[in-house]
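S.K.: Dumping the structure here so I can ask a few things about it.
What follows draws every value from the coordinates through simple rules; no lab data is involved. In this text the structure is predicted, and so the values were computed from the model without any measurement. Here the Cβ positions follow ideal geometry from the backbone for every residue, glycine too, while neighbour counts run over all protein chains shown.
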Amino acid sequence: MMISKQNTRISNVMGGVRLAGFRGVAAALMMGLLLSGCGGAKQSPSYYPHMKDPALYGQGGGKLVGPPPVRYGMGSNPQVRIMIYGAVSSKYTTQFFNDTLPAIPGLGPTGTVTIVYRALVSTESDRVAAIMTACIPAASKRPAFVKAMMKETASMSDDSSRRGAIMNLGREYGVQPARYGRCFANPLLQEWVSIQQKEAKEVLKITQIPTLFINGKKLSGPVKDVVLSEIQAALNAS
């Protein structure tokens with residue numbers, strides 16, 4: 001799946017999502033067992049409170065068996081829910097993490113904003129980044145890893161250099177080559193990555209990286225001032 005990386009365009013399209021599952025109950029059980037070997041385990045649907053908002057995530061919610069999501073802001077009742085679909089190879093995604101994320105209000109443990117990041121794949125370094133993130137042994141460290149990865153690779157234009165930087169950073173977070181190799185060879189983890197691509201392309205109609213959904217409002221190729229303005233408007237309206 002190739003998604004263009006263009007500049008800012010705002011659409012008032014409501015994002016309806018129905019998260020796909022794996023093929024059959026047996027595959028779901030296998031996913032839970034296999035991911036336990038790379039730092040992730042099958043989670044109950046209640047682990048995903050951000051999936052319960054029907055305006056943002058589709059009627060009836062959905063289940064996704066896979067690694068816990070990379071989440072920033074752990075407030076129990078956030079006023080603003082944000083999903084960002086991005087990629088480490090996208091300069092606008094790295095700009096979001098390096099410039100916009102630190103400026104977003106209400107991301108504390110009892111804050112009013114929560115952000116969930118989902119990785120899309122346009123290049124091989126994007127695939128490496130998605131799988132490496134899932135392989136971090138401590139799930140609580142994955143958000144910090146993603147932020148560090150976006151900072152480390154922000155100035156890199158060569159995909160090979162990005163891959164090397166991601167592998168080196170992964171070691172600092174506890175992923176040795178053998179562990180990463182097991183994760184990368186896991187067919188169900190690869191399928192989980194593919195499901196996210198299919199969801200983004202076919203359900204959400206995402207054509208630009210990054211794309212955000214801020215309380216259901218779709219924002220593509222965001223820049224800092226626009227994103228912060230939309231978040232403030234959502235806070236004011238809540």
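S.K.: Whole-Hz ³J(HN,Hα) for each residue in region 108-116, computed from phi via Karplus 6.51 cos²θ - 1.76 cosθ + 1.60 with θ = phi - 60°, x for glycine and proline: what do you get?
M.R.: Here the 3J(HN,Hα) series is x, x, 10, x, 9, 10, 10, 10, 10 Hz.
S.K.: Is there a quick way to get the dipole size of region 167-212? I mean about its Cα centre, with the Cβ of Lys and Arg at +1 and of Asp and Glu at -1; what is the value in debye to the nearest 20?
M.R.: 80
S.K.: So who's got an amide H within less than 5 Å of the one on Ile206, skipping anything under 5 residues away but keeping other chains? H placed 1.01 Å off N, in plane.
M.R.: Excluding prolines and chain starts, which carry no amide H, the hits are Lys201.
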